[in-house]
Amino acid sequence: MTVKSQTQGAARSAGKSVAKEGEEILLASDMIRLGARLQVLQAETSLSYDRLSRLYREIKGCSPPKGMLPFSVDWFMTWLPNIHSSVFYGIYRYLDTYTPAKKTRALIEAYRLYLEQSSVGRAANADDEPVLSFTRAWMLIRFFESGMVQLSNCTRCTGGFIAHAHDPQHDFVCAICRPPPRAGKTRSRTARAV
Ligand SMILES: [Zn+2]
């Protein structure tokens, strides 16, 4: 592994150890393989934009997509995304709290476990995109950290589900216990496949 002495991010990474940089390249590589956007890699590592986009091209064989990140809290409140995101966040919080995997590493491990769990029910469409993308999973953790969402406990099944911050919790019923009448609509891909 060669270390370029003059990159755009040189000032930012001055004095950084080679071991630390190696660790960040590993993290970034894992995140790229799971589908992370470049903005996520920039936020989670101190590697320069140039190095990250080069790493991205090496791993994916194409340039990183441009454009804004999907920045919507409301997406997490819709029926199927809410169930998937709540499962993911439950895994993340467990790993971050009870295992040596913290922060970015906990995010990566939790997302891998989420992919395993979510693929169980869709064996027929194994090549389907997961409902929750890696970038959205990352956004979700940011929404929690900035206090925009909370975990509400369902009064029927007691499970923890994502809700808007400050939503009343005393009579909260989750998306599984009370699916909306047109819940199947968001699964149109599955319906088409059938
Ligand atoms: Zn429930």
Residues satisfying the stated conditions in the stretch 94-116, i.e. among the polar types (S, T, N, Q) and surrounded by fewer than 14 Cβ atoms within 10 Å (Cβ to Cβ): 97, 99
Subset of the stretch 22-42 (residues that are touching a residue at least 24 places away in the same chain (Cβ under 8 Å) and open to solvent by 20 Å² or more (accessible area, probe 1.4 Å)): 25, 27, 30, 33, 34, 35, 37, 39
Can you tell me how many residues in the stretch 163-185 are within 16 Å of the ligand (Cβ to nearest atom) and among the basic types (Lys, Arg)? 1
Would you check which residues across the stretch 43-52 are surrounded by fewer than 16 Cβ atoms within 10 Å (Cβ to Cβ) and among the polar types (S, T, N, Q) and list them? 46
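Restricting attention to the stretch 137-162, which residues are away from the ligand (no atom under 12 Å from the Cβ) and assigned to a strand (DSSP E or B)?
Residues satisfying the conditions are 149, 150, 151, 162.
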Residue hits (the stretch 106-128; among the charged types (D, E, K, R) and at pLDDT 95 or above) are 109, 112
For residue 135, state whether it is out of contact with any His (no Cβ under 8 Å at 6 or more places or on another chain), outside the structural domain of residue 39 (by TED's automatic domain parsing), among the β-branched types (Val, Ile, Thr) and open to solvent by 30 Å² or more (accessible area, probe 1.4 Å). no
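Could you tell me whether residue 47 is at pLDDT 95 or above and in a helix (DSSP H, G or I)?
Taking the combined requirement at face value, the residue does not satisfy it.
The values are calculated or read from the model by the stated rules, or taken from the named source; none is laboratory data. All figures in this text were calculated on a predicted structure; none of them were measured in a lab. Don't worry about glycine lacking a Cβ; one is built from the backbone with ideal geometry, like all the others, and counts go over all protein chains shown. Only protein heavy atoms, including side chains, enter the accessible area calculation; ligands, DNA and RNA are left aside. Shrake-Rupley method; radii C 1.70, N 1.55, O 1.52, S 1.80 Å.
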